[in-house]
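Below: the structure, in structure tokens.
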Amino acid sequence: MSAKTTQPDTLPLMQAGYMYPHFKVGHGPLMAKYCLYGDGTVFKGEVDKYQFGLRTTLDWSYDNFPVFEFQKYDILGEGDSGTYIRL
């Protein structure tokens, strides 16, 4: 699930225009820690490559695997563990 790979009818719910106001701001301290692409969130101990709050790209550095570009505040949706485990 991501702002690039989700089914078309749910795509707007994964993009910045929905994610930022409905998840990131005004919904308490836990949701304020929810990481979105490029939102400035930094997780102590995480390697720079995976500090997605500081960037808007997803690059796994594998041969023949595309680099994905996201908009600032798009969902970081690689599965539950990638999104929540750091909280």
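Where a number appears in this text, it was derived from the coordinates with a stated rule and is not lab data. Model, not experiment: these values are computed from the prediction. For neighbour counting, all protein chains shown are included, and Cβ atoms are generated from backbone atoms with ideal geometry for every residue, glycine included.
For segment 32-82, what relative contact order do you get, as a whole percent, if you take Cα pairs closer than 8 Å and at least 6 residues apart?
On the way: 66 pairs, mean separation 19.8, N = 51.
Here the relative contact order equals 39 percent.
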Q.
With an 8 Å Cα cut-off and a minimum separation of 6 or more residues, compute the relative contact order for the chain in percent.
A. 35 percent
Q) What is the magnitude of the charge dipole of segment 8-84 about its Cα centre, with +1 placed on the Cβ of each Lys and Arg, -1 on the Cβ of each Asp and Glu, and no other charges, expressed in debye to the nearest 20? A) 360 debye
(Q) If I build a Gaussian network model for the chain, linking alpha-carbon pairs within less than 10 angstrom, which residue out of LYS72, LYS49, LYS24 has the largest mean-square fluctuation? (A) LYS49
Q. Out of residues 5 or more away from LYS72 or on other chains, whose amide H comes under 5 Å of its own, with H placed 1.01 Å from N in the peptide plane?
A. none
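Order by neighbour count: LEU30, LEU58, LEU13, LEU76, fewest other Cβ atoms within 10 Å first, most last.
On the way: LEU30 9, LEU58 18, LEU13 14, LEU76 22.
Listing LEU30, LEU58, LEU13, LEU76 from fewest to most nearby Cβ atoms yields LEU30, LEU13, LEU58, LEU76.
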Q: Quickly estimate the mean residue ellipticity at 222 nm for the chain, helices only: each DSSP H run with n ≥ 4 gives -39500 (n - 2.57), and the total goes over all residues, rounded to 500.
A: -3500 deg cm²/dmol
Q.
In whole Hz and in residue order, list the ³J(HN,Hα) couplings for segment 31-37 that follow from phi through the Karplus curve 6.51 cos²θ - 1.76 cosθ + 1.60, θ = phi - 60°; x for Gly and Pro.
A. 5, 4, 8, 4, 8, 10, 4
Q. Over all distinct Cα pairs, what is the inverse of the mean 1/r for the chain, reported as the Kirkwood hydrodynamic radius in Å?
A. 13.3 Å
